[in-house]
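Since every read-out is calculated from the coordinates, none of them should be taken as a lab result. Keep in mind it's a predicted model, so treat the numbers as computed, not measured. Please note: Cβ atoms are built from the backbone with ideal geometry, for glycine as well, and neighbour counts cover all protein chains shown.
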Amino acid sequence: MTTEQQIRKRLDKVIVPGVMRSLTKMNLLRNVVISDGEVKISLASAALAPEIQDRLNILKKNTVVKWTKAKEVIYSTTITLLCIACFPLNPLVLTGVLEPGFYLPLFILGWIVWAIGMVLVMAPIIMFPRRGGVAKGKAFVHTTKLVDTGIYAVVRHPQYLGGILAVFLATLLLYPHWLFVALGIPGVALCYFSTILEDKTLVQRFGDDYKAYMKRVPQVNLIAGIYRFIKNYKP
């Protein structure tokens, strides 16, 4: 997790234009606040010339952008490695590194769960171009309309739920082994964290409509989503 000390160390390498000393050595770094994965940096630079202040602000933004990109790379690499390690056609099992138990009922249930998960993973690919106002030639993620029907009336993030089911849960059922529990816990946590980040992005895109949608429909809780859908269903 990003810490204030890590940010300050990075800013210690940012040199003030025209002075050739770092922000921290000139005591220009007033405050560093880390909240909800966002970094806010305050500088005590009022005494500097306007052009230097402008260049400092650019340097500050570049530092935050670089740090954010580094976090994104670490995050995406981690979730990718976890997905590979827990993939149903499992490399650890196929190469003989692991020898998990075999239980036919769990094995059959595992493939059923995998199939359900893959259907959910495909949901936005199929539904967004048809109902999300995606411009011709654009990728399915470039929606201009809020999609809140079909599976999106049950859970807000079926693709992430599908990933959890098809990768982390299905593999544990197919190959019961403690390692897949150990890998699955952080994998599920990262998927859930991704839904939180995506909610923030979608609130910025769709505003109050999405906030109201968040109150109606759960993130990935399929049972709660089905219950709410049935409760609020009006033929």
Taking the simple approach of a point 7 Å from Cα along Cα-to-Cβ for both THR80 and MET214, what is their distance in nm? 2.9
So for the range 99-232, taking the charge dipole from beta-carbon charges (+1 Lys/Arg, -1 Asp/Glu), which of THR144, ALA224, LEU169 sits furthest toward the positive end? THR144
Could you give each residue of the range 179-192 its phi-based ³J(HN,Hα) in whole Hz, using Karplus coefficients 6.51, -1.76, 1.60 with θ = phi - 60°, and x for Gly or Pro? 5, 6, 6, 5, 7, x, 4, x, x, 5, 4, 5, 4, 5
In nm², what is the average projected area of the convex hull enclosing the Cα atoms of the range 99-232? 9.2
Placed amide H near PHE87: partners under 5 Å, 5+ positions off or other chain: none
Please get the size of the charge dipole for the range 99-232, origin at its Cα centre, with Cβ charges of +1 on Lys and Arg and -1 on Asp and Glu, quoted in debye to the nearest 20. 640
Give a residue-ordered list of calculated ³J(HN,Hα) values for the range 204-209 (Karplus: 6.51 cos²θ - 1.76 cosθ + 1.60, θ = phi - 60°; whole Hz; x for Gly, Pro). 5, 7, 10, x, 5, 4
